[in-house]
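A quick write-up on the structure given underneath.
What follows draws every value from the coordinates through simple rules; no lab data is involved. This structure is a prediction, so every number in the text was calculated from the model and none was measured. A quick note on method: Cβ atoms are made from the backbone with ideal geometry, for glycine too, and the neighbour counts reach across all protein chains shown.
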Amino acid sequence: MSLIAQLSSLRAVGLSASPGGASSRSRQLLDGALARLRELGFAATLADLASFPSDALLGRSRDRALDRAIADLAEAHVVVVATPVYRASYSGLLKVFLDLLPEEALAGKVAVPIASGGGPAHLLAIDHGLRPLLTSLGATVVAGGVYATPAGFSDGVPGAALLDRIDRALTEAVTLTAATFSRREVLPLER
């Protein structure tokens, strides 16, 4: 299969880890990132972790929508993870969701971390919390994660500088994904 044909079949999943739902800053950034990936030809889906039943997130019961989100994640090439920062780390919603996944669940996937916080003091939450978490599941995490504060928004809408940082992170993710496909075509892995 040609590289162009492979790239046109790429899939992305966005994980929204904000209890605040669609109105949260991290969710707004995620929605923008997924829209941009769709413009680039990706089939992109959203998993709003706050919409899943707590018993299912804790592994006490099954939920069809949660099972679908996990299946979508397994099929994805790019994973965009958006979380608010609580107490200098990612949200508990993200933690309980990722705890449901098997080891190496993100192996072969490129992850884009996006975090929002109340101020610049939590900027390192991406590098000290989110990046190691995603790497522990096998993901290749882009170097250019995105951290946003309220100053990056105007009237509740992400500003141009913030959108530019997201675009750079997505460009890096797409480049890494394309390189992975290209390498597989030249040096196919035996299975």
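Listed values, structure above:
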item	result
Residues with amide H under 5 Å from that of Tyr147, placed H, sequence gap 5 or more	Ala115
Which of Lys95, Lys109 has the fewest Cβ neighbours within 10 Å, and the rest in rising order	Lys95, Lys109
Estimated [θ] at 222 nm from DSSP helical runs (n ≥ 4, -39500 (n - 2.57)) normalised by residues in the chain, nearest 500	-12000 deg cm²/dmol
Under the Karplus curve 6.51 cos²θ - 1.76 cosθ + 1.60, θ = phi - 60°, whole-Hz ³J(HN,Hα) for the range 15-21, x wherever Gly or Pro sits	9, 9, 9, 9, x, x, x
Built amide H within the under 5 Å cut-off of Phe153, gap 5+	Gly159
Ranked list, fewest to most other Cβ atoms within 10 Å of each Cβ, for Ser26, Ser61	Ser61, Ser26
For the range 40-191, convex hull volume per residue from C-alpha positions, Å³	132
Placed amide H near Ala44: partners under 5 Å, 5+ positions off or other chain	Ala12
Percent antiparallel among DSSP beta bridges (both partners in the range 3-186, rounded to 5)	10
Integer Hz, Karplus 6.51/-1.76/1.60 couplings in order for the range 59-73, x for Gly and Pro	x, 8, 8, 9, 9, 4, 5, 5, 4, 5, 4, 5, 5, 4, 4
Summed side-chain charge close to Ser116 - residues other than Ser116 whose Cβ falls under 13 Å, Lys, Arg +1, Asp, Glu -1	+2
Total charge dipole magnitude, the range 1-104, about the Cα centre, Cβ charges on Lys, Arg, Asp, Glu only, Debye to nearest 20	280
Residues Ile114, Ile126 arranged by fewest to most Cβ contacts within 10 Å	Ile126, Ile114
